[in-house]
Amino acid sequence: MDARLQGLAEERGVSVNFLVNRSLRKLVEWDSQGEKFGIVSLPLALVERMMEYLTDEEARELGEWVGRNLVKEFLTFWFKEVSARTLLKGYPRLAAQYGRAFEYEERVEGNHWTLVLKHSGGRNWSAYYEELLRAVLLEVLGRETTIESTEGQVVARFSLA
């Protein structure tokens with residue numbers, strides 16, 4: 001294992017200590033809870049292929065269901081509460097960093113928030129993320145959201161005022 005760690009560190013241009021710390025953080029923040037929550041690892045090609053079989057409307061329905069149900073279950077399980085803080089500061093960072101489904105960025109100006117989910121999944125994934133964001137922001141924050149999307153990105157804007 002030591003030789004493999006040394007090789008990985010050299011290949012990536014980082015220290016072994018960096019890799020070990022990153023692995024421990026992932027174990028604590030994601031893997032230990034993910035096992036209990038029922039998260040499974042699947043090849044990206046399989047997940048992408050499954051999404052291709054959905055119509056735009058089915059992708060939207062799935063996103064709405066995830067936003068209304070699964071995200072709240074995730075928040076409760078991981079953080080023991082469903083709140084604006086856990087939704088905006090916890091969930092998207094963990095899902096982006098460890099779930100690797102999208103890149104996440106946010107901008108906050110006063111009470112005005114902009115969330116950006118950058119993905120490479122195409123139109124169906126954008127439809128899915130649109131409805132997921134719309135549903136979860138309405139359910140958890142009670143906020144209507146303006147959403148724009150392209151084939152590779154979804155942008156949600158809302159106010160907490």
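The values are calculated or read from the model by the stated rules, or taken from the named source; none is laboratory data. Quick caveat, the model's predicted, so the values are computed rather than measured. Using ideal geometry, Cβ is built from the backbone for each residue, glycine included, and neighbour counts are taken over all protein chains shown.
Some points to look at:
- Looking across the stretch 1-15 at every residue that is small (G, A, S) and assigned to a loop (DSSP other than H, G, I, E, B), the one that is surrounded by the fewest Cβ atoms within 10 Å (Cβ to Cβ) is identified as G13.
- Enumeration of residues in the stretch 119-142 that are among the basic types (K, R) and either assigned to a loop (DSSP other than H, G, I, E, B) or more than 16 Å from L88 (Cα to Cα) (or both): R123
- The number of residues in the stretch 143-158 being of a type in the set (V, I, T), assigned to a loop (DSSP other than H, G, I, E, B) and either in contact (Cβ under 8 Å) with a residue 24 or more places away in the chain or over 16 Å from L87 (Cα atoms) (or both) comes to 1.
- Of the helices (runs of 4 or more DSSP H) that lie entirely inside the stretch 16-82, those containing 1 or more residues that are polar (S, T, N, Q) and either in the same structural domain as L133 (by TED's automatic domain parsing) or surrounded by 13 or more Cβ atoms within 10 Å (Cβ to Cβ) (or both) span 32-37, 71-79.
- Pairing residues of the stretch 67-96 that are closer than 18 Å to G38 by Cα with residues that are of a type in the set (S, T, N, Q), at Cβ distances under 7 Å and at least 6 apart in sequence or on separate chains, gives L75/T86; F77/Q33; W78/Q33; F79/T86.
- V82 vs. criteria over 21 Å from R25 (Cβ atoms), of a type in the set (V, I, T) and over 15 Å from the mean Cα position of the chain (by Cα): yes
- Only one entry in A9, A59 is touching a Phe, Trp or Tyr at 6+ places or on another chain (Cβ under 6 Å) and either in contact (Cβ under 8 Å) with a residue 40 or more places away in the chain or among the aliphatic types (A, V, I, L, M) (or both), namely A59.
- Filter result for T150 (over 17 Å from the mean Cα position of the chain (by Cα) and in the same structural domain as R85 (by TED's automatic domain parsing)): yes
- Filtering the stretch 85-106 to residues that are in a strand (DSSP E or B) and either closer than 25 Å to L42 by Cα or touching an Asp or Glu at 6+ places or on another chain (Cβ under 8 Å) (or both) leaves E103, Y104, E105.
- From the options G110, G121, G99, G90, residue that is surrounded by 19 or more Cβ atoms within 10 Å (Cβ to Cβ) and either in the same structural domain as G152 (by TED's automatic domain parsing) or of a type in the set (S, T, Y) (or both): G121
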